[in-house]
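One structure, pasted below without further comment.
The values are calculated or read from the model by the stated rules, or taken from the named source; none is laboratory data. No experiment lies behind these values; they were computed from the predicted model shown. Cβ coordinates were reconstructed from backbone atoms using ideal geometry, including for glycine residues, and neighbour counts include every protein chain displayed. Heavy atoms of the whole protein, side chains included, go into the accessibility calculation; ligands, DNA and RNA do not. Shrake-Rupley method; radii C 1.70, N 1.55, O 1.52, S 1.80 Å.
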Amino acid sequence: CYCGTSWGKDSTVLVHLVAMTGLLIPVVWMRYGLATNPGCFEVRDAMLRLYPGVDYREIDVGEAEDQRDNFSLAVKSTDTARYMSGVRADESGIRKIVMRRWGLSSKQTCRPLGWWTGEDVFAYLCVQNLPVHQNYAMLGGGRWPRRHLRTASIGGERGIENGRGDWEKEYYGDIYRKLSAKTMADAAQRQKPIPE
């Protein structure tokens, strides 16, 4: 199997657990070009300094939103579709259903943090002195609940739930504007007539 990471709180704990096993389970981070959250690089670098022996792999799939859930390159890199995930039941109703239906593992997926709470995760990060993504401190004076903040990518359809789009515009406005400009330029390029 491989261990997927976004360098958010849950997957940072998961990477730590993998590192503690001493097994060479590949850790794979899917980056998203310009849409990659810049705070992820700091967490990645800190974790790789702490655990330089981890079999770490990084794949950049670019900004296209339709590629953000395409794990075929991770499968190709690791030669397996079986993976470990930092998904937790208390993150959403769908994830709770998944946990009740499949439990901590299924044929393809292992979810060791499945029944942990957000408080469990932050406590583990603190006790183990692990790096914490900067997003979790960007609460807009209490306007943004920490439990709704994500780290993997900026922009796109994922960014509109729970006011996340507004949060991204506030904290990552420069990246948000660059992504919007690139999206418009790409759309204009696709509409240009093909010369005969």
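Checking VAL132 against (1) open to solvent by 20 Å² or more (accessible area, probe 1.4 Å); (2) among the β-branched types (Val, Ile, Thr); (3) modelled with pLDDT of 85 or more; (4) part of a helix (DSSP H, G or I), which single condition isn't satisfied?
Only one criterion is unmet by VAL132, namely (4).
How many residues are part of a helix (DSSP H, G or I) and open to solvent by less than 40 Å² (accessible area, probe 1.4 Å) when one looks only at the range 103-128?
Counting residues in the range 103-128 that are part of a helix (DSSP H, G or I) and open to solvent by less than 40 Å² (accessible area, probe 1.4 Å) gives 3.
May I ask you to list the residues in the range 37-67 that are open to solvent by less than 40 Å² (accessible area, probe 1.4 Å) and either among the aliphatic types (A, V, I, L, M) or farther than 28 Å from LEU23 by Cα (or both)?
Of everything in the range 37-67, those that are open to solvent by less than 40 Å² (accessible area, probe 1.4 Å) and either among the aliphatic types (A, V, I, L, M) or farther than 28 Å from LEU23 by Cα (or both) turn out to be ASN37, VAL43, ALA46, MET47, VAL54, ILE59, VAL61, GLY62.
Give the range 135-179 a look and list any residue that's among the hydroxyl-bearing types (Ser, Thr, Tyr), open to solvent by less than 50 Å² (accessible area, probe 1.4 Å) and in a helix (DSSP H, G or I), or say none.
TYR136 - this is the single residue of the range 135-179 that is among the hydroxyl-bearing types (Ser, Thr, Tyr), open to solvent by less than 50 Å² (accessible area, probe 1.4 Å) and in a helix (DSSP H, G or I).
Then there's this: Give just the number: which of (1) open to solvent by less than 60 Å² (accessible area, probe 1.4 Å); (2) without any contact (Cβ under 8 Å) to a residue 12 or more places away in the chain does LYS96 not satisfy?
The one condition LYS96 does not meet is (1).
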